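Asks: Input: one structure, supplied below.
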Amino acid sequence: MNTSKELLGVFAKAFSTPIEEITEELEYQGIAEWDSMSHLVLVEEIESAYKVSIEMEDVLEMGSVTKVKDMLKKYGIKII
């Protein structure tokens, strides 16, 4: 079962930041750690954690935690 807490942990790992700084409302550039370079690290971490290969159009749309959750549904991964 894939939980929101696990997904937030993936974000925290990608950004090398405490999980407490990652919220469901977080958006791209909402914290200093989420810049264009760390966005690519986030993509790698999500692909690794959920065993998916994210299409480029989806990479460009991953502008918030909510959008990442929605994008993962496309790949058959439901986050609860």
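Asks: Within the chain, which is the longest segment that contains none of the chymotrypsin sites (Phe, Trp or Tyr not before Pro) sitting in a DSSP loop with at most 16 other Cβ atoms within 10 Å?
Replies: 29-74
Asks: How large is the Kirkwood hydrodynamic radius of the chain, counting all unique pairs of alpha carbons, in Å?
Replies: 12.3 Å
Asks: Another question about this same structure. Which aspartates and glutamates have a Cα less than 17 Å from the Cα of Lys67, not counting those fewer than 8 places away in the same chain?
Replies: Glu6, Glu24, Glu25, Glu27, Asp35, Glu44, Glu45, Glu47, Glu55, Glu57, Asp58
Asks: Go ahead and estimate [θ] at 222 nm for the chain from helices alone: -39,500 (n - 2.57) per DSSP H run with n ≥ 4, summed, over the residue count, rounded to 500.
Replies: One gets -16000 deg cm²/dmol as the mean residue ellipticity at 222 nm.
Just so you know, all these numbers are worked out from the coordinates, no wet-lab data involved. As the structure is a computational prediction, the values presented were derived from the model and not from experiment. Glycine also receives a Cβ, built like all others from the backbone with ideal geometry; neighbour counts cover every protein chain displayed.
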